[in-house]
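Undergrad: Sharing a structure here in structure tokens format.
Laboratory data are not the source of any read-out in this text; all were calculated from the coordinates shown. Quick caveat: nothing in here was measured; it's all calculated off a predicted structure. A quick note on method: Cβ atoms are made from the backbone with ideal geometry, for glycine too, and the neighbour counts reach across all protein chains shown.
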Amino acid sequence: MSMESYELGDQNNDLFLKMNVGTAGIAVSEVYCLNGNTPLLISKSDKNSGNIKEIKFGKANEFKNKKLHFSSTINLLYLDPANWDQAAKTLDIRIEIKGGKDGLKKFNLSSNDLKIIKKSRILFNKEIHLL
């Protein structure tokens with residue numbers, strides 16, 4: 001899992017996020033705020049796309065020095081097993097955060113974010129530290 005950062009700045013602006021999952025499989029995604037050992041669910045994806053539509057998730061001063069944890073489980077079982085490797089290679093996940101000092105910042109999928117289980121299931125995890 002990779003960890004990146006987003007600068008909130010000193011203003012108490014509204015914060016927004018969204019997550020898009022491009023896959024031939026069926027994806028389910030969630031985003032949590034991590035504050036110590038207590039995860040707080042911020043949003044879940046719609047049923048099959050894995051996408052989280054743009055949402056306002058709070059004010060900058062509420063999230064300073066916390067982490068956002070984005071996760072997605074992609075199920076490839078309904079595909080022909082001969083296509084699993086290609087589906088994994090063409091997976092595209094994009095996250096956007098805006099409202100802080102960094103403005104609109106885009107985060108892309110990296111190989112450190114993925115774990116493949118039995119070739120038929122892909123787990124995506126990325127943490128973004130809010131500074």
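Undergrad: Within region 1-31, find all residues whose amide N lies under 11 Å from a label point positioned 7 Å from the Cα of K67 along Cα-to-beta-carbon.
TA: 1-4
Undergrad: Within region 72-94, whose backbone N sits under 17 Å from a point 7 Å along Cα→Cβ of I116?
TA: 73-93
Undergrad: Mind sorting D10, D102 by how few other Cβ atoms lie within 10 Å of their own Cβ, fewest first? Walk me through the intermediate numbers first.
TA: Numbers: D10 10, D102 15.
Sorted ascending by nearby Cβ count, the order is D10, D102.
Undergrad: Specify the residue with the greatest mean-square fluctuation among G25, G50, G103, computed from a Gaussian network of the chain linking alpha-carbon atoms under 10 Å apart.
TA: Looking only at G25, G50, G103, the largest GNM fluctuation is found for G103.
Undergrad: Kirkwood Rh over alpha-carbon pairs of region 40-98, then Stokes-Einstein at 20 °C and 1.002 mPa s: what D in µm² s⁻¹, rounded to an integer? Mind showing how you got there, number by number?
TA: Details: Rh = 14.2 Å.
Stokes-Einstein gives a translational diffusion coefficient of 151 µm²/s.
Undergrad: Between N37 and K106, what is the label-to-label distance in nm when each label sits 7 Å out along the Cα-to-Cβ direction?
TA: Result: 3.9 nm between the two label points.
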